[in-house]
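*Asks:* Quick one: the structure is below, and I'll ask about it shortly.
The values are calculated or read from the model by the stated rules, or taken from the named source; none is laboratory data. Please read these numbers as outputs of a predicted model, since none were measured by experiment. Cβ placement follows ideal geometry from the backbone for every residue including glycine, while neighbour counts extend to all protein chains displayed. Ligands, DNA and RNA are stripped out before the accessible areas are found, and what is left, the full protein with its side chains, is counted by its heavy atoms. Shrake-Rupley method; radii C 1.70, N 1.55, O 1.52, S 1.80 Å.
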Amino acid sequence: MALLQLSEPGESPDPHQQRLAVGIDLGTTNSLVATIRHAVPECLAGDGCGIILPSVVRYQKDGSTIVGQAALAAQTIDPRNTIASVKRLMGRGLADADAGMRGRYDLVDTGDMVRINTVAGQRTPVEVSSEILRVLRERAEASLGDELVGAVITVPAYFDDAQRQATKDAARLAGLNVLRLLNEPTAAAIAYGLDEGAEGIYAVYDLGGGTFDFSILRLSRGVFEVMATSGDSSLGGDDFDEALAAWLHKKASGVDLDCSKSRALLVEARRVKEALTLSAECVARVPVAADGIKDVTITLGEFHELTQALVERTLQPVRKALRDAALKVADIQAVVLVGGATRMPHVRSAVAKMFGREPYTDIDPDKVVAIGAAIQANVLAGNRRPGEDWLLLDVIPLSLGLEMMGGLTEKIIPRNSTIPVSKAQDFTTYKDGQSAMAIHVVQGERELVQDCRSLARFELRGIPPMPAGGARIRVTFQVDADGLLSVSAREQTTGVESHVTVKPSYGLSDDEITGMLKAGFEHAAEDMQARALREQQVEAERLIEAARQALIEDAGLLSSNEQAGIEAAIKRLGELNLGNDHLAIKAGIDALSASTGELAARRMDKAIRQALTGNRIDALPL
Amino acid sequence: MQEYFSLFGLPERFAIDPAQLEVAYRNVQAQVHPDRFAHRPEAERRVAMQWATLANEAFRTLKNPLARARYLLSRRGVEIDAERNNGMSHAFLMQQMEWRESVEEAADDAEALQRLERDLARDERVMLDDVKHAIDEEVDLVQASELVRRLMFMEKLRREIDEALALLEN
């Protein structure tokens, strides 16, 4: 099909003026990178391999890594050091890791995010993911011939804060500037919606390798509005493989297998699953302990029967999202299938039966998420063309709350709130003279704190002595457009303040990231200074350009003093930018940012006033 | 803090045209959404997030009639304490108890629950009409806050019915 002719031929922006940005689908099984070239979205191929990069990383003794097809092929010969499906461990502690992952790898419990023991040392899931992202960044830069301004990385809509933060950290580690974390089903809806000029209520059923998402969106007049989202962040095609592997193993022998054989069994199970999307029967070559291989015949009917419970499990979130959006099945205009696992015939027929209509599969379910991300990245990078004015309104998938007395959760921001969103809540001390208060932030729908995900704990100290109930502590939650949370707390009568960007219980600290970044650059023999300088120079140029433009457009909003201040800061930064001291340039950037902050706020006020004028005109009967 | 009605260029009253509210909300978001500023300097990105947050909160508040009524009352200095039950008429307290009993009795009967939900929604519509009258016309804030307190109770009950229905569905 002709994909998304976003502008008429001859109208496309000058490629030299276009800021290079990519969309990355960081999948459990496969990852892709896409961009907009000549106004058409395109998935980029690697050197000598296709567009699909298997999300597999093999660690070697000397610390080097192999990523993708070659690593996939090495799975059975080096199973312990060849990490597949690492997405299932992102932002997770050992206790949350599923049995399959625990069996396959040497996982280390460090109290926070789980680590994987490899021949090259311990690695966090963030580091493993960053290896995949790095390969995709290099692929894009080689293919596009320049550095990237930034990337949109997709995440399952049902990812919690810890999983999102881990993904963003991985991108940072891979040298990517993250323009936005975009929910996978939303990305698919963008690709479909803009392609088909769709209007109405659409559902996206996204069954990937390791995660399931279901989102309901309303598309109207260029606005993509997510009405509700739900899912299961540990249910995907992998679970079908494991169920099938267990069944085949039992049929063939039932004797315990070593690491290498059990990985070979899993690989064979996936092959059989894929074969059964095309034929009604398949002969599986099942590895057995002693004597190599045993043939087992499996029919499509048998496969469906043994995995039907997994398909049923996806329908619960479907019903929940419909309920949250206060919609009935009949209100849904069309259902879009996304993710390789939706190729299984019984998944398709279950969706068709639930919605009483055949689902859409027009865009390749493997590519559609990366394409949607690329479209979004192009716009976020500032390549929006006149007339291209669609808007995306996404939601937070899980409620955010605080622990109260007795281990109960107090919900502060309910699920399916449109982001960005902020909420403040007041609390008080319960003891005379209480000087500190512990704050425990959780995410989830359950009543008891222990059933929700612990995101962060912090303490507000220095509360002045007051009788019980005297202090008034306001806790503010802010969720940004990436769905990431920051929390601050402030004692109202004295102004004692505490602010945390939620570095989750299962996350990495800034110091750890910096350490990894440094190690990564040393390993890649890259000059960190040079890179930091280049980054600051680009940022400085961008800021100077933006400030000059704002002065041309809106000098009238400033006093002559303010204007002179900004001009001086621009001049100073321009001079610093000729030198090669990246720290000095950074200081100049901060100074110019500070002096333009007020102008930015006033320009926004003006833009809103203009928008409201437009609104009154719209509302007039013609 | 920016007042919600003026943010959307609407007159400050309970009666509202939902379509007009939605158009105004979209116009504001089209100007301030962080996606419009992703490539801009940090200061602008921060301002955008604050405005978009405000626009979302304002829209959420004005769209929901009960939240809108509470907001209007709070603008007029009447804060409604969700926990406080006194001051409610004896008749309404009796009705509360009856409703609760009906929900408990119907807990495993989807049809009965749906019937209750419909009855509740019908009563709420009538009461919202009275709220409109009390805020926009009579300007009887005591009466309005009494109605709002009752509606808050009914909303809570409706959520409980929803949860019971969700349990039955799975």
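*Asks:* Do you know which residues across the range B:26-41 are closer than 15 Å to residue B:4 by Cβ and open to solvent by 10 Å² or more (accessible area, probe 1.4 Å)?
*Replies:* Result: B:27, single match.
*Asks:* Can you name the residue in the range A:459-513 that is surrounded by fewer than 19 Cβ atoms within 10 Å (Cβ to Cβ) and acidic (Asp, Glu) and, of all such residues, is modelled with the lowest pLDDT?
*Replies:* A:510
*Asks:* When you scan the range B:126-133, do you find a residue that is touching a residue at least 60 places away in the same chain (Cβ under 8 Å), surrounded by 12 or more Cβ atoms within 10 Å (Cβ to Cβ) and more than 29 Å from residue A:322 (Cα to Cα), even just one?
*Replies:* Yes, the conditions are met somewhere in the range B:126-133.
*Asks:* Turning to a different aspect of this structure: Report, by residue number, each residue of the range A:187-230 that is of a type in the set (Ser, Thr, Tyr) and within 12 Å of chain B (Cβ to nearest Cβ).
*Replies:* If the condition is that a residue be of a type in the set (Ser, Thr, Tyr) and within 12 Å of chain B (Cβ to nearest Cβ), then A:220, A:230 are the ones that fit.
*Asks:* For the range B:140-170, give me each residue that is β-branched (Val, Ile, Thr) and without any contact (Cβ under 8 Å) to a residue 60 or more places away in the chain.
*Replies:* B:142, B:161
*Asks:* Could you pull out the residue among B:44, B:57 that is facing chain A (nearest Cβ under 8 Å), modelled with pLDDT of 95 or more and either open to solvent by 20 Å² or more (accessible area, probe 1.4 Å) or in a loop (DSSP other than H, G, I, E, B) (or both)?
*Replies:* Every option except B:57 fails the conditions.
*Asks:* Still on this structure, I have one more. Pick from the range B:60-79 the residues that are polar (S, T, N, Q) and either more than 14 Å from chain A (Cβ to nearest Cβ) or assigned to a helix (DSSP H, G or I) (or both): which of them is most open to solvent (accessible area, probe 1.4 Å)?
*Replies:* Among them, the one singled out is B:74.
*Asks:* Taking the range A:579-597 as the search range and keeping residues that are closer than 10 Å to residue A:537 by Cα and part of a helix (DSSP H, G or I), which one is most open to solvent (accessible area, probe 1.4 Å)?
*Replies:* Looking at the filtered set, the residue picked out is A:586.
*Asks:* Run down A:417, A:435, A:486 and say which single residue is among the small types (Gly, Ala, Ser) and away from every other protein chain (no Cβ under 14 Å).
*Replies:* Step by step, each of A:417, A:435, A:486 is checked, and only A:435 is among the small types (Gly, Ala, Ser) and away from every other protein chain (no Cβ under 14 Å).
*Asks:* Within the range B:88-107, is even one residue over 30 Å from residue A:592 (Cα atoms), among the β-branched types (Val, Ile, Thr) and exposed (fewer than 15 other Cβ atoms within 10 Å of the Cβ)?
*Replies:* no
*Asks:* Still on this structure: Suppose we filter A:66, A:77 for residues that are part of a strand (DSSP E or B) and surrounded by fewer than 21 Cβ atoms within 10 Å (Cβ to Cβ); which single one remains?
*Replies:* It is A:66.
*Asks:* Listed residues A:53, A:107; which is closer than 21 Å to residue A:174 by Cβ and not polar (S, T, N, Q)?
*Replies:* After applying the criteria, what remains is A:53.
*Asks:* If you take the residues in the range A:319-341 that are within 11 Å of another protein chain (Cβ to nearest Cβ) and outside any loop (DSSP other than H, G, I, E, B), which one is nearest to residue A:273 (Cα to Cα)?
*Replies:* A:319
*Asks:* Residues to consider are A:217, A:244; find the one that is open to solvent by less than 50 Å² (accessible area, probe 1.4 Å), in contact with a Phe, Trp or Tyr (Cβ under 8 Å, 6 or more places away or on another chain) and more than 30 Å from residue A:334 (Cα to Cα).
*Replies:* A:244
*Asks:* If you don't mind, there's one more thing I want to ask. Among the residues of the range A:116-155, write down those that are open to solvent by less than 10 Å² (accessible area, probe 1.4 Å) and part of a helix (DSSP H, G or I).
*Replies:* Across the range A:116-155, the qualifying residues are A:125, A:126, A:128, A:129, A:130, A:132, A:133, A:136, A:140.
*Asks:* Quick check on residue B:52: is it surrounded by 15 or more Cβ atoms within 10 Å (Cβ to Cβ), closer than 27 Å to residue B:154 by Cβ and within 22 Å of the chain's Cα centre (by Cα)?
*Replies:* Answer is no for this residue.
*Asks:* Okay, next question. Looking only at the range B:1-41, which residues are assigned to a helix (DSSP H, G or I), closer than 30 Å to residue A:591 by Cα and within 7 Å of another protein chain (Cβ to nearest Cβ)?
*Replies:* Answer for the range B:1-41, where residues must be assigned to a helix (DSSP H, G or I), closer than 30 Å to residue A:591 by Cα and within 7 Å of another protein chain (Cβ to nearest Cβ): B:28, B:29, B:30, B:31, B:32, B:34, B:35.
*Asks:* If a residue has to be free of Cβ contacts under 8 Å to residues at least 40 places away in the same chain, open to solvent by less than 10 Å² (accessible area, probe 1.4 Å) and not in a helix (DSSP H, G or I) to count, how many in the range A:295-318 make the cut?
*Replies:* The total comes to 0.
*Asks:* Would you confirm, using the coordinates I've provided, whether residue B:13 is open to solvent by 10 Å² or more (accessible area, probe 1.4 Å) and free of Cβ contacts under 8 Å to residues at least 24 places away in the same chain?
*Replies:* Answer is no for this residue.
*Asks:* Moving on to the next point. Return the total of residues in the range A:356-378 being buried (at least 24 other Cβ atoms within 10 Å of the Cβ) and on the phi > 0 side of the Ramachandran plot.
*Replies:* Adding up the residues that qualify gives 0.
*Asks:* Just to be sure I understand, how many residues within the range A:402-437 are more than 14 Å from residue A:485 (Cβ to Cβ), in contact with a helix residue (DSSP H, G or I) (Cβ under 9 Å, 6 or more places away or on another chain) and of a type in the set (A, V, I, L, M, F, W, C)?
*Replies:* The number of residues fulfilling the criteria is 2.
Here is a yes/no grid of residues against (1) at pLDDT 90 or above; (2) part of a helix (DSSP H, G or I); (3) buried (at least 19 other Cβ atoms within 10 Å of the Cβ):
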{"residue": "A:380", "(1), (2), (3)": "yes, yes, yes"}
{"residue": "A:389", "(1), (2), (3)": "no, no, no"}
{"residue": "A:397", "(1), (2), (3)": "yes, no, yes"}
{"residue": "A:426", "(1), (2), (3)": "no, no, no"}
{"residue": "A:432", "(1), (2), (3)": "no, no, no"}
{"residue": "A:438", "(1), (2), (3)": "no, no, no"}
{"residue": "A:450", "(1), (2), (3)": "no, yes, no"}
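*Asks:* Moving on to the next point. Name the residue that is nearest to the chain's Cα centre (by Cα), counting only residues in the range A:80-115 that are part of a loop (DSSP other than H, G, I, E, B) and free of Cβ contacts under 8 Å to residues at least 24 places away in the same chain.
*Replies:* Among residues in the range A:80-115 that are part of a loop (DSSP other than H, G, I, E, B) and free of Cβ contacts under 8 Å to residues at least 24 places away in the same chain, the one nearest to the chain's Cα centre (by Cα) is A:97.
*Asks:* Which residue pairs have Cβ atoms closer than 8 Å, lie 6 or more positions apart in sequence or on different chains, and pair a first residue in the range B:84-97 that is under 14 Å from residue B:149 (Cα atoms) with a second residue that is at pLDDT 75 or above and of a type in the set (Phe, Trp, Tyr)?
*Replies:* Listed by first residue and then by second, the contacts come to B:96/B:153.
*Asks:* How about the range A:160-196: which of its residues are aliphatic (A, V, I, L, M), closer than 21 Å to residue A:396 by Cα and not in a helix (DSSP H, G or I)?
*Replies:* Those that are aliphatic (A, V, I, L, M), closer than 21 Å to residue A:396 by Cα and not in a helix (DSSP H, G or I): A:178, A:179, A:181, A:182.
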